[in-house]
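The values are calculated or read from the model by the stated rules, or taken from the named source; none is laboratory data. Computed from a predicted structure; not experimentally measured. Cβ placement follows ideal geometry from the backbone for every residue including glycine, while neighbour counts extend to all protein chains displayed.
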Amino acid sequence: MLDATGWDDILEASGINRKRIAEAAGMIMSANKIITCWAMGVTQHREAVATIQDIVNLHLLRGSIGKPGAGLCPVRGHSNVQGDRTMGIWEQMNPTFRANLEKEFNFKTPEKDGLDTVASIAAMRNGSVKVFFAMGGNFAAASPDTEVVESAVRNCDLTVNVLTKLNRTAVMTGKTSLILPCLGRSEIDRNADTLVRTDVASASEQLPGKSQAVEKRSLADKGVRAPRFVSTESTMLNVQSSQGIFEPASEHLRSEPWIVSQLAKATLGENGTVDWDAMAADYDNIRDAISRVVPGCENYNERIRTDGGFYMPNPPREGVFKTPTGNALFKSAPLEKIVLERGRLLLTTIRSHGQFNTTIYNFRDRYRGIDGSRRVVFMNEKNIAELGLESGQPIDITSHFDDGEREVKGFTVVPYEIPVDCCAAYFPEANPLVPLGSTAKRSNTPTSKCIIVSIKPTGRNTSSSECAPMSIEAFILIGGRSTRLGRDKAAVSLGGSPMVFRIGASIRGALDGVLVRLVAADERQLLALSGLDTLDGFVFDIYQGRGPAGGLHAALANTDKEWAFIAACDIPLISADLIRCLADKINDSVDAVVPVQPDGRLQPLAAFYRVKIVRERLEESLERARPAPSMKAILDGLRVLAVDFEEIKNLPGAELLFTNVNSCEDLSAAEERLRTIRTLTRSSR
């Protein structure tokens, strides 16, 4: 196989020059100990299994398996994921595990294999699977082919999410939907059915150890349950205890084991063979059962209480290979050659520094020097030039697969040192481009590191406005303390969609190809949208704490367009028809186009502004005035075209378009008004 593979093929397929490959080979040949780590950068390719087998071949050749300080290190995710397969969470049940499980609990397991993630999504989509149950995680944001996944989940009769934090998946509801809040692993887990005094012993005094049993008896004598602990498995097969140290966010929160036990009792009634109450009351009972079912977990409760825990069996580490010969086997496969049509690139999804799985903690990527937006595509400068693009240019990305095309819009070109004909974009923003059917051979893992795409400038179709769309940028102000509503307005759902995205959809419907960005006071406000699409990016207030005037200034200071459309997130019913009506009024003799509400007042937070003039006016005012100048004061110094309500009143639902949402009562009223607008819009067509 090696002799049949030429250097030209290796260099073309890898994107690495021969000198670099020779350097790496020299390092490996001269090293006494070698460790190879890999994660999704390897596993999410079509030939992922063959690639991993080649990594194993290399280590076998160097004698690096079973050698102290050397070997293979697949990075398998966070501490809750690594133990899943060990504990039997697999669609293909291990025969030994099956036999032990049936013996322990005296019941018969289904003999037919289940469905992996990709097959489960397809089954939900076609209706053959009708219940979706998620134990933690953000399934919809983490999965490929976002539109397909969302429609599949919504197609279920029942969706259930057990969560420590609300996320995108939880708001993609089936016909019936349950959200079950649970304790996080960092929170103290006490008996769910007992009121607990917190002054008897601190959590730190009750960490698992030799005195645990004594502490439990002592606390029990006082009518108090000792905080319980769970166990996790590391990527190195190390099983250790984990106990929360923080007071729970709510006294009503329950642990995942408690929730599962209650569900089992409610579902199975008296027909079950498991003492669910005992399992939920004392996790030692769960661990005792594990010790009898899972090979390698014998004497679980004793071993988990030792310093450092214990390690699961790893036969190759001990020189044991479960093959017919008892020796390790080499596996070979031909080098995959991906042929790209002219103008197409190979896309990989990546993660940033300020990110953990689908959770975005901040919008700075220290790895790559990116700050302020995640909707970017990293490209080689040669490809940028060949495609007639330039740095900072807005583009749309289209993926190409056997079943058709998928598209994401509003990304920005960033030159980067990446191999020619390759590009990269952030996960999960680029997930809609990953086809559900594009999977690795044998493992069926989505190929998020191997997607064929084409890139084009963001569309420049003209609208009815005299002003070309590309001379306009739109911004939605999400600042404000939301004190009366009690939560961040931007993320509040209205008609099944967060208010900020409802406004974004109206803007995009009116101004084709225009970028829509958010203006936030700080990162905290953006975290309320964590896991959700943040439209085309965001900017932060430059003048902090200066109200709408400060937000307007931040928008105008961050665009090079001639005009900007500004909307406030708490005016969520503005329509595409209204925005088009205002855009038609733009002309060279005005600085602002502002609608007049039914009550006769101007509404400056659903209006168009000439960027340069208004920005300069704002900077003068913000430098002088404290507190911030009112929007009325800002408008007084501009050439304002007030679009009278008489010119708006014939739009569907015109009387309701300027509804302001500042309280729970306002939100309820807006829901009713939205239904009215939808009815009027349908009848006008």
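Could you check W90 against (1) in contact with a strand residue (DSSP E or B) (Cβ under 7 Å, 6 or more places away or on another chain); (2) closer than 30 Å to V293 by Cα and say which number it fails?
(1)
Could you pull out the residue among S373, S399 that is under 23 Å from the mean Cα position of the chain (by Cα) and closer than 24 Å to L340 by Cα? Break it down stepwise before answering.
Details: S373 fails: closer than 24 Å to L340 by Cα.
Being under 23 Å from the mean Cα position of the chain (by Cα) and closer than 24 Å to L340 by Cα holds for just one of S373, S399, which is S399.
Inspect the stretch 588-604 for any residue being farther than 24 Å from I478 by Cα, in a loop (DSSP other than H, G, I, E, B) and within 40 Å of the chain's Cα centre (by Cα) and give the result as yes or no.
No, the stretch 588-604 contains no residue that is farther than 24 Å from I478 by Cα, in a loop (DSSP other than H, G, I, E, B) and within 40 Å of the chain's Cα centre (by Cα).
Return the residues of the stretch 372-387 that are farther than 30 Å from G136 by Cβ and either outside any loop (DSSP other than H, G, I, E, B) or free of Cβ contacts under 8 Å to residues at least 12 places away in the same chain (or both); say none if nothing qualifies.
Passing the criteria: V377, F378, M379, E381, K382, N383, I384, A385, E386.
With respect to the numbered conditions (1) in contact (Cβ under 8 Å) with a residue 24 or more places away in the chain; (2) among the small types (G, A, S); (3) part of a loop (DSSP other than H, G, I, E, B), which one is the sole condition not fulfilled by S128?
(1)
For the stretch 1-60, give me each residue that is outside any helix (DSSP H, G or I), small (G, A, S) and within 12 Å of P74 (Cβ to Cβ).
A39 - this is the single residue of the stretch 1-60 that is outside any helix (DSSP H, G or I), small (G, A, S) and within 12 Å of P74 (Cβ to Cβ).
Across the stretch 466-497, which residue is modelled with the lowest pLDDT among those that are surrounded by fewer than 24 Cβ atoms within 10 Å (Cβ to Cβ) and not in a loop (DSSP other than H, G, I, E, B)?
For the stretch 466-497, the residue satisfying everything is P469.
Just name the residue that is modelled with the lowest pLDDT out of those in the stretch 371-387 that are in contact with a strand residue (DSSP E or B) (Cβ under 8 Å, 6 or more places away or on another chain) and over 15 Å from A424 (Cα atoms).
Only one residue fits best here, namely G372.
Suppose we keep only residues that are within 25 Å of Q544 (Cβ to Cβ) and among the acidic types (D, E) within the stretch 591-620. Which one would you say is surrounded by the most Cβ atoms within 10 Å (Cβ to Cβ)?
Ranking the qualifying residues of the stretch 591-620, first place goes to E619.
Any chance you could count how many residues in the stretch 320-367 are surrounded by 11 or more Cβ atoms within 10 Å (Cβ to Cβ), among the basic types (K, R) and under 35 Å from the mean Cα position of the chain (by Cα)?
4
Within the stretch 342-353, how many residues turn out to be in a loop (DSSP other than H, G, I, E, B) and touching a residue at least 12 places away in the same chain (Cβ under 8 Å)?
Going residue by residue through the stretch 342-353, those that are in a loop (DSSP other than H, G, I, E, B) are 342-343, 351-353.
Now drop any that are not touching a residue at least 12 places away in the same chain (Cβ under 8 Å), which leaves 343, 351-353.
Within the stretch 342-353, residues that are in a loop (DSSP other than H, G, I, E, B) and touching a residue at least 12 places away in the same chain (Cβ under 8 Å) number 4.
Collect the residues in the stretch 213-249 that are crowded, with 18+ Cβ neighbours inside 10 Å, modelled with pLDDT under 85 and either under 20 Å from D84 (Cα atoms) or β-branched (V, I, T) (or both), keeping them in residue-number order.
The one that is crowded, with 18+ Cβ neighbours inside 10 Å, modelled with pLDDT under 85 and either under 20 Å from D84 (Cα atoms) or β-branched (V, I, T) (or both): V224.
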